[in-house]
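Trainee: Pasting in a structure now, in structure tokens, and then I'll have a few things to ask.
The values are calculated or read from the model by the stated rules, or taken from the named source; none is laboratory data. Small disclaimer: the values here were computed from a predicted structure and weren't measured. Cβ placement follows ideal geometry from the backbone for every residue including glycine, while neighbour counts extend to all protein chains displayed. Calculation scope for accessible area: heavy atoms of the full protein, side chains included, ligands and nucleic acids excluded. Shrake-Rupley method; radii C 1.70, N 1.55, O 1.52, S 1.80 Å.
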Amino acid sequence: MAVAWCAVASYGDVRTRRIPNWLTGSLALAALAIHSFYGLRAALISLLVMAVLTAAGTLVYSRGGIGGGDIKLAIAASGMLSYPLCLPFLLYSAIGGGVLAVGFLIMRRPSRASASGKRETLPYAVAFVFGALLVALSQTYAPFLRITI
């Protein structure tokens with residue numbers, strides 16, 4: 001489910017460099033609803049994952065490291081995956097973000113926007129699709145991708 005939401009978010013992120021709040025909010029609510037079916041403990045763990053990432057993400061966002069929509073997508077997707085799957089998701093997403101950044105540097109053309117001093121951004125939701133997809137594969141068809149915590 002996290003893969004699908006991240007894929008929808010990445011489509012919009014690539015086109016407009018924005019991730020809608022309704023998308024991240026609905027994923028976070030779905031995460032809590034799904035985990036609540038497994039009991040209060042599972043729902044609280046998912047909520048704790050989202051709270052910790054909110055605190056860490058706010059710090060990264062405030063320093064200009066990543067966009068607000070990207071942080072909200074990471075929080076919601078991590079809440080859906082919950083602990084411990086959120087950890088390989090974040091690691092794989094960071095790797096995907098690095099590959100994405102290198103690809104953008106290679107393919108980058110000088111533009112008026114960069115010449116005017118405006119900051120170019122990456123559609124980081126694409127990296128989250130990569131992370132969610134690798135976690136899903138590690139749990140199904142490619143167990144060699146599992147990262148044990």
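Trainee: Just wondering, is there one or more residues in the range 16-35 that are open to solvent by 70 Å² or more (accessible area, probe 1.4 Å) and hydrophobic (A, V, I, L, M, F, W, C)?
Mentor: yes
Trainee: Next question. Name the single residue that is farthest from Val135 (Cα to Cα) among those in the range 40-81 being hydroxyl-bearing (Ser, Thr, Tyr) and surrounded by fewer than 21 Cβ atoms within 10 Å (Cβ to Cβ).
Mentor: If we take residues in the range 40-81 being hydroxyl-bearing (Ser, Thr, Tyr) and surrounded by fewer than 21 Cβ atoms within 10 Å (Cβ to Cβ), then Ser62 is farthest from Val135 (Cα to Cα).
Trainee: Among the numbered criteria (1) assigned to a loop (DSSP other than H, G, I, E, B); (2) open to solvent by 80 Å² or more (accessible area, probe 1.4 Å); (3) in contact with a helix residue (DSSP H, G or I) (Cβ under 9 Å, 6 or more places away or on another chain), which single criterion is violated by Pro123?
Mentor: Checking Pro123 against (1) assigned to a loop (DSSP other than H, G, I, E, B); (2) open to solvent by 80 Å² or more (accessible area, probe 1.4 Å); (3) in contact with a helix residue (DSSP H, G or I) (Cβ under 9 Å, 6 or more places away or on another chain), the one that fails is (2).
Trainee: A further question on this structure: So which residues in the range 16-37 are in a helix (DSSP H, G or I) and either among the hydroxyl-bearing types (Ser, Thr, Tyr) or closer than 10 Å to Leu73 by Cα (or both), if there are any at all?
Mentor: The answer is Thr16, Asn21, Leu23, Thr24, Gly25, Ser26, Leu27, Ala28, Ser36.
Trainee: Related question: Anything in the range 38-73 that is among the charged types (D, E, K, R) and under 17 Å from Cys6 (Cα atoms)? List them, or say none.
Mentor: Asp70, Lys72 - these are the residues of the range 38-73 that are among the charged types (D, E, K, R) and under 17 Å from Cys6 (Cα atoms).
Trainee: Among the residues of the range 130-141, is any in a loop (DSSP other than H, G, I, E, B) and modelled with pLDDT under 95?
Mentor: yes
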